[in-house]
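**Student:** Please see the structure below; I have some questions.
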Amino acid sequence: MNRSKDIKEVTVFTKGDASKLRTWSNVPYFFTHTLEEKGIIVRRVAIETNPRLERIFTKTIYRIYSKLFPGTTYSFQRSFLHYIAVRRSIKKAIKKYPATDVFYFMTFSFSSIGLSKKPCVMICDWTYEYYFKYFVERAPDTLERTAIARENKQIRDSDLTVPLFPGVAEFLQHTKHMDKVHYFGHIINSLESCNVQEVLETKQHATSIVFIGSKKYLQGAEVLIQSFQQLKKRYPQLTLHIIGMDGDGFSELPESIEFHGYLDKEIPSERATYYNILREAKFMVNTTPKWGAFSATVEAMYFCNPVIVAPYREFVKTFGTEISFGSFCEENTTEVLASLMEQLLLHSEYKAVCTAAHQAVSSFTWNTFVDRVLTHTQKNL
């Protein structure tokens, strides 16, 4: 794409530091760096929480409200108080960077609407409303509904909304924001490239399985460990690498499991460990229902890893109901998962399955994604 010469400078607002890889699964880092690679000046602005206001909120409103509505997800970050504070910081940034052509928000909760007439583009994973409908499957409580309404207004009034997942895009297109919502595909958040032939040769003799996910994926990790314990009896050479968790909270752990905790890609040694595990693994497993660390799975597939995942909504919408690069685990049980893993270990066309995994995500480049965002942004200049 020949980028329009009119887009010379942008301001990107992120919950956290967009220059850091650990911020939101690397997404702001890759987005802003890709813009810079295209010759665009990028002003990074962190959307921060005011500690003093948060303390006041927690000791007053939240203390009372959480007793009335146990289990509420309404927090200071969803409050009108935080919204007003963020709006003030956005206003300051608009004044600080007057040469900005476009304001990009890596969130659906805040925007520059009403503060500037320049284009406002929102890029995020899912909305607060989608979270209730798909993940927790319950009606939001009173204050949760006010936060949803506020967020929906930000989306409705923006110039372009870009969900990172097709199911979220469909959800928004069928509600209030049809003409402004566009899905441009997913992306691979990898700092390193994959030499397919070298990786395939390594994997032919691999004996390790990899799991990537924090403690919120505990259910998937527990079933995997139990299944691994079964397979270990028949395949004693197997090892299991768990990235994103430590061993605390697990009981009766079998031998040959290595917990790596969170591996920070900004630290060279930890980055090397992370990518060496992906290159040398036989396959990746995360069968946590409804969500199985999508971005990490895509990155693993880029490094030719077949995957075993739950058939959750966004994965199926992205890759289809039948996959040639692994298996869907319909029932998250020890017996079912152990059987699926053994099938991969013994697969007669294992190399072809690895190649299919890489090919399924090879078009998910940041360059393509950013070009599509810029093309649609240009329409509003």
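The values are calculated or read from the model by the stated rules, or taken from the named source; none is laboratory data. Small disclaimer: the values here were computed from a predicted structure and weren't measured. With ideal geometry, Cβ positions are generated from the backbone for all residues, glycine too; neighbour counts draw on all protein chains shown. Surface accessibility is based on the protein's heavy atoms, side chains included, excluding ligands, DNA and RNA. Shrake-Rupley method; radii C 1.70, N 1.55, O 1.52, S 1.80 Å.
**Student:** So I have (i) 1.22; (ii) 0.99; (iii) 1.03, and one of them is Rg/Rh (Cα atoms, Kirkwood Rh) calculated from this model. Which one is it?
**Tutor:** Structure-derived value, by its label: (ii).
**Student:** Which residue, ARG43, ARG156, ARG55, tops the fluctuation ranking in a GNM of the chain built on C-alpha contacts under 10 Å?
**Tutor:** Looking only at ARG43, ARG156, ARG55, the biggest GNM fluctuation is shown by ARG55.
**Student:** Check the straight Cα-Cα distances from LYS379 and name the aspartates and glutamates below 18 Å, setting aside those fewer than 8 residues away within the same chain.
**Tutor:** In chain and number order, the partners are ASP6, GLU9, ASP101, ASP157, ASP159, ASP179, ASP371.
**Student:** Next up: Give the residue from HIS347, PHE259, MET245 lying farthest towards the positive end of the charge dipole for the chain; charges sit on Cβ (+1 for Lys and Arg, -1 for Asp and Glu) and the dipole is referred to the Cα centre.
**Tutor:** MET245
**Student:** Next up: Using a 10 angstrom cutoff on alpha carbons, build the Gaussian network for the chain and name the most mobile of ILE187, ILE257, ILE61.
**Tutor:** Residue with maximal mean-square fluctuation among ILE187, ILE257, ILE61: ILE61.
**Student:** How much accessible area per residue does the chain have, in Å², with a 1.4 Å probe?
**Tutor:** Details: 17520 Å² over 381 residues.
I get 46 Å² per residue for this part.
**Student:** A further question on this structure: Give me the percent of the accessible area of the chain that comes from carbon and sulfur atoms, probe 1.4 Å, all protein chains in place.
**Tutor:** Details: 8800 of 17520 Å².
Carbon and sulfur: 50 percent of the exposed surface of the chain.
**Student:** Quickly work out the THR175-to-ARG52 label distance, labels modelled 7 Å from Cα along the C-beta direction, and quote it in nm with one decimal.
**Tutor:** According to this spin-label approximation, the distance is 3.5 nm.
**Student:** Let me ask you something else. Taking 30 Å as the cut-off for C-alpha to C-alpha distance, list the pairs among LYS8/LYS317; LYS67/LYS133; LYS203/LYS317 that go past it.
**Tutor:** Numbers: LYS8/LYS317 35 Å; LYS67/LYS133 23 Å; LYS203/LYS317 28 Å.
Table pairs above 30 Å Cα-Cα are LYS8/LYS317.
**Student:** A further question on this structure: Using a 1.4 angstrom probe and counting only protein chains, how large is the accessible area of SER111 in Å², to 10?
**Tutor:** Using a 1.4 Å probe on the heavy atoms, I get roughly 0 Å².
**Student:** Heavy atoms only, probe 1.4 angstrom, no DNA, RNA or ligands counted: give me GLU48, GLU258 ranked by accessible area, highest first.
**Tutor:** Working: GLU48 135, GLU258 90 Å².
Largest accessible area first, the residues go GLU48, GLU258.
**Student:** Let me know the shape class of the stretch 1-132, please: from the alpha-carbon gyration tensor, a ≥ b ≥ c as square roots of the eigenvalues, rounded when a/c is under 1.5, otherwise prolate if a/b is greater than b/c, or oblate. Intermediate values should be presented prior to the final figure.
**Tutor:** Working: a/c = 2.43, a/b = 1.95, b/c = 1.25.
Prolate.
**Student:** With an 8 Å Cα cut-off and a minimum separation of 6 or more residues, compute the relative contact order for the chain in percent.
**Tutor:** Numbers: 619 pairs, mean separation 60.0, N = 381.
For the chain, the relative contact order is 16 percent.
**Student:** Let me ask something else. Return the whole-Å distance between the Cα centroid of the stretch 8-81 and the Cα centroid of the stretch 214-250.
**Tutor:** Cα centres, the stretch 8-81 to the stretch 214-250: 33 Å.
**Student:** Related question: Which shape class applies to the stretch 58-182: rounded if a/c is under 1.5, otherwise prolate when a/b exceeds b/c and oblate if not, where a ≥ b ≥ c are the square roots of the Cα gyration tensor eigenvalues?
**Tutor:** Details: a/c = 2.77, a/b = 1.26, b/c = 2.19.
Oblate shape, in that a/c is at least 1.5 and b/c is the bigger or equal ratio.
**Student:** May I pose another question? For LEU253 and LYS290 in one chain, what is 0.36 nm times their gap in residues minus the Cα-Cα distance, to one decimal in nm?
**Tutor:** 10.8 nm
**Student:** Rounded, prolate or oblate: pick one for the stretch 218-364, where a ≥ b ≥ c are the square roots of the eigenvalues of its C-alpha gyration tensor, a/c under 1.5 means rounded, and failing that, prolate if a/b is larger than b/c, else oblate.
**Tutor:** Working: a/c = 1.37, a/b = 1.10, b/c = 1.25.
Rounded, since a/c falls under 1.5.
**Student:** Here is a further query. Could you give the nm distance between label points at SER269 and SER324, where each point is 7 Å from its Cα heading toward the beta carbon?
**Tutor:** If labels sit at SER269 and SER324, their model points lie 4.3 nm apart.
**Student:** Going by Cβ distance under 4.7 Å, what cysteines of the chain have no possible disulfide partner?
**Tutor:** CYS120, CYS124, CYS194, CYS329
**Student:** Straight distance only, please: which lysines reach the Cα of LYS92 with their own Cα at less than 18 Å, same-chain residues fewer than 8 apart left out?
**Tutor:** Those lysines meeting the cut-off are LYS15, LYS117, LYS118.
**Student:** Within 10 Å, Cβ to Cβ, of GLU314, how many net charges do the neighbouring residues add up to if Lys/Arg are +1 and Asp/Glu are -1?
**Tutor:** Details: positive: LYS290, ARG313, LYS317; negative: ASP125.
For residues surrounding GLU314, the net value is +2.
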